[in-house]
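Rule-based calculations on the coordinates, nothing more; no lab input. Computed from a prediction, not measured in an experiment: that's the story for all the values here. Here the Cβ positions follow ideal geometry from the backbone for every residue, glycine too, while neighbour counts run over all protein chains shown.
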Amino acid sequence: MKLDEYLKGLRECQDEYVEVDGRTIPMLTAEFGIYDNFSVILQVGDYNSWIENLKRNYNYLGSNKSLDAERFIHSENPTTFYTIPDAEIALHISVFDRNKRIRGGIEIYNTSLIINTPYRWNPQDSEELRKRRFLESHRQISNLVIDLSNLLKNSKIPFSFLKSMGWNHQEDYSKIVTYKPLRSS
């Protein structure tokens, strides 16, 4: 699927539940694969420069919410964890081990970005409130996917959403979104 078509679908998708294989899930999940731990793979040059560029240029939904970072090092692969203030959402960004790079067409992806919602269920919440918050968390992930897509596209960074086909279309690999910037000659 083309990136612009996917992003338009995310923007226009209704925040409601649908049935898929006997499960009630958000339509964003059924049609576009938006769910907790949504993954993006990308090809960045210098990881540290890219992280600095992300921190400098990223502005969640045009607000003044910047990324709060805690940096961890796991073996030789840097991992960065970001939370977005006032939003129940987080980014986990890490570099693949050199021996575990993923090939997608002619691009070799070397960085993983996972979007998750560290939302904690409150047992005292009503079922209706839980369902509403669950939909809201999926919309937050969707909005972040849109924002990050635009940032990555403007930075001419190749990326792919491996699970973008949605749960209704799990065997339709044509719905996987991959962005490869045009190379100037």
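Work out, step by step, the length gained on full extension between LYS8 and THR24: first 0.36 nm times the residue separation, then minus their alpha carbon distance; give nm to one decimal. Could you put the intermediate results ahead of the total?
Working: separation 16, 0.36 × 16 = 5.76 nm, distance 2.35 nm.
The span from LYS8 to THR24 would gain 3.4 nm if fully extended.
Which peptide among 128-136, 150-158, 163-171, 29-37 comes first, and what is the full order, when sorted by highest mean count of other Cβ atoms within 10 Å?
Numbers: 128-136: 14.0, 150-158: 15.6, 163-171: 17.4, 29-37: 21.8.
Those peptides, ordered most packed to least, come out 29-37, 163-171, 150-158, 128-136.
With respect to the cross-link table entries LYS131/LYS153; LYS2/LYS131; LYS2/LYS156; LYS8/LYS153, which display a Cα-Cα separation exceeding 27 Å?
Working: LYS131/LYS153 33 Å; LYS2/LYS131 31 Å; LYS2/LYS156 16 Å; LYS8/LYS153 15 Å.
Correct reply: LYS131/LYS153; LYS2/LYS131.
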* Structure fact -> Subtracting the Cα-Cα distance of LYS180 and ILE146 from 0.36 nm times their residue separation yields 10.6 nm
* At SER155 and ARG130, where each label point lies 7 Å from the Cα along Cα→Cβ, what is the point-to-point distance in nanometres? -> 3.7 nm
